[in-house]
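What follows is a short report on a single structure.
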2 protein chains.
Amino acid sequence: MTINQDTFTGEFSYTIDAKGRVNIPAKFRQSLAPENDQTFVITRGMDPCIWVYPLTAWQIIEDDLKDLSAISGINRSFIRNTVRYASTVSFDKQGRIMLSTNLLNYAKLKKDAFIIGMVNKIEIWNPSELAKVDKQNLEMNSSEYDALADRIIL
Amino acid sequence: MTINQDTFTGEFSYTIDAKGRVNIPAKFRQSLAPENDQTFVITRGMDPCIWVYPLTAWQIIEDDLKDLSAISGINRSFIRNTVRYASTVSFDKQGRIMLSTNLLNYAKLKKDAFIIGMVNKIEIWNPSELAKVDKQNLEMNSSEYDALADRIIL
DNA sequence: ATTGTTTACCCACAATTACCCACAATATAT
DNA sequence: ATATATTGTGGGTAATTGTGGGTAAACAAT
C-alpha cells in the first residue's frame, strides 16, 4: 500500500513573508496527487482560518453546486457564499502559495502561520486564534468529543 | 499458521541518537505487513508516550475522520486534535525512524527509549515515565484491573 | 502614454533532512 | 567452532526545505 494521495496530516509552523506568500509543507506537496497540477483552491474556512483544497477535491464541490436548482433563492445564496471567496493558486518553485489580503484579513493572519493537515484538506491558522477556537469547542462540547474519540480511536 | 501480521508484543530498550532516530525492533519490522510499505504513523499517545501505528491501521482512522461532517465545530476540533500530531515515517536501511522534537518533548524522551508492543500498535516511552504512569494506574484502579484479568487472561 | 502597483519568475543561502557507509555486537548457519 | 548474516549505533555528505530578495512583465490609474 502506498501513502494516501490528497491526504494531509501533521502540524507545521511557517512565516508569511512581506509579499503574502506562505510555504506549503513539503510533505503536503508530496501528498498532492499529480492530477492536481500543483494547484490548490483556497477559501474561507468555517472557522476563522483559510481552507486549502486540492484542486480536484474542489472541483467535486463545484459539480455538486452545479446540480443545485437555481430556482430557489437560498440555493443561489449558498452557491454565492461558497464560491465567492475561493481562488485557485499554484505553488512556485520554492513551494509557496500567495494569499490574498482578503483571506489574510479574514483569518487574522499576520506573520506566523500554523498549518494543519485535516485529512482531506489543509487549514492555515493564526496560532492564537486556533488555540482560542479549539479551547472553546472543547469546553462547550466535551461529551460529544469523548463520544467521537470512543468511536474512532483504536 | 504464520505469525500474525501487524501484531506487536514484547518490550525492548533502545537509544535515541543525536539526530532523533530510534530503532524499530527487528521483530516489529518483521511483523509489519508488506502492504504498509515499511511505514508507520507516529503520534501522541493518550499517555505521555508516542503511539506508532502501522500505516494501514492509521488509514482506517483517517477514513472514519473523512466521514465526519465539517459543519459541526466539535467535529472539526476532533479531527484537528486527532491528526495534528500525526506524521508518516518510513524506516531507513538500518531500521530506524525519525522522531520530531515535538513528539520527543511530549513523551519527555531524552536518550533512553523503551518500546512496547501493544498488540495493534507500538508505544515508545521514557522508561521512568512508564513506571510512574503504570504505578499510578494500578494503585488507583486495582479492582478494575483484576476484573479485566478475570475476563481476559487465559 | 506615463506613471505606480501588483504579480510572476528568478536566484541565493542557511538549516535541516535523506541517504549513504562503517563497525561492533549478537545471532544464525554450516 | 568458525564463518556468515543480522542488528543496533554512530557519522559524513549531498540533496531538500524554508526564507529572503531582485527583476521584469502585467495590470491599473491618471
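The values are calculated or read from the model by the stated rules, or taken from the named source; none is laboratory data. Here the structure is a predicted model, which is why all the values come from computation and not from measurement. Every residue, glycine as well, gets a Cβ built from its backbone with ideal geometry; the counts of neighbours run over all protein chains shown. Calculation scope for accessible area: heavy atoms of the full protein, side chains included, ligands and nucleic acids excluded. Shrake-Rupley method; radii C 1.70, N 1.55, O 1.52, S 1.80 Å.
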When A:Arg96 is run through (1) touching a helix residue (DSSP H, G or I) at 6+ places or on another chain (Cβ under 7 Å); (2) charged (D, E, K, R); (3) over 14 Å from B:Arg80 (Cα atoms), the failure sits at (1)
Exception for A:Ser13 within (1) in a strand (DSSP E or B); (2) open to solvent by less than 40 Å² (accessible area, probe 1.4 Å); (3) within 14 Å of chain B (Cβ to nearest Cβ) falls at (2)
Across the range B:23-43, the tally of residues that are more than 19 Å from A:Thr7 (Cβ to Cβ), away from DNA strand D (no atom under 15 Å from the Cβ) and not in a loop (DSSP other than H, G, I, E, B) stands at 1
Scanning the range B:23-49 residue by residue, those away from DNA strand C (no atom under 13 Å from the Cβ), away from every other protein chain (no Cβ under 14 Å) and not small (Gly, Ala, Ser) turn out to be B:Ile24, B:Phe28, B:Arg29, B:Pro48, B:Cys49
Note on B:Ser77: of the conditions (1) under 30 Å from B:Lys132 (Cβ atoms); (2) in contact (Cβ under 8 Å) with a residue 12 or more places away in the chain; (3) of a type in the set (Gly, Ala, Ser), unmet is (2)
Filter the range A:32-49 for residues that are of a type outside the set (A, V, I, L, M, F, W, C) and touching a residue at least 60 places away in the same chain (Cβ under 8 Å); the one that is surrounded by the fewest Cβ atoms within 10 Å (Cβ to Cβ) is A:Pro48
### Task
Consider A:Glu123 carefully, then state whether it is at negative phi, touching a residue at least 40 places away in the same chain (Cβ under 8 Å) and in contact with a Cys (Cβ under 6 Å, 6 or more places away or on another chain).
yes
(1) surrounded by 18 or more Cβ atoms within 10 Å (Cβ to Cβ); (2) within 12 Å of the chain's Cα centre (by Cα) all hold for B:Arg80 apart from (2)
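Rundown of residues vs (1) under 18 Å from B:Glu11 (Cβ atoms); (2) without any contact (Cβ under 8 Å) to a residue 40 or more places away in the chain, yes/no style:
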{"position": "B:Trp51", "(1), (2)": "yes, no"}
{"position": "B:Pro54", "(1), (2)": "no, no"}
{"position": "B:Leu68", "(1), (2)": "no, yes"}
{"position": "B:Ser87", "(1), (2)": "no, no"}
{"position": "B:Leu109", "(1), (2)": "yes, no"}
{"position": "B:Leu130", "(1), (2)": "yes, no"}
{"position": "B:Met140", "(1), (2)": "no, yes"}
{"position": "B:Leu148", "(1), (2)": "no, yes"}
Conditions (1) within 16 Å of DNA strand D (Cβ to nearest atom); (2) surrounded by 13 or more Cβ atoms within 10 Å (Cβ to Cβ) -> A:Ala86 fails only (1)
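Just to be sure, is A:Gly117 within 14 Å of DNA strand D (Cβ to nearest atom) and under 26 Å from B:Leu68 (Cβ atoms)?
Working: within 14 Å of DNA strand D (Cβ to nearest atom): yes; under 26 Å from B:Leu68 (Cβ atoms): yes.
Against the criterion (within 14 Å of DNA strand D (Cβ to nearest atom) and under 26 Å from B:Leu68 (Cβ atoms)), A:Gly117 qualifies.
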Scanning the range B:111-146 residue by residue, those exposed (fewer than 11 other Cβ atoms within 10 Å of the Cβ) and part of a loop (DSSP other than H, G, I, E, B) turn out to be B:Lys111
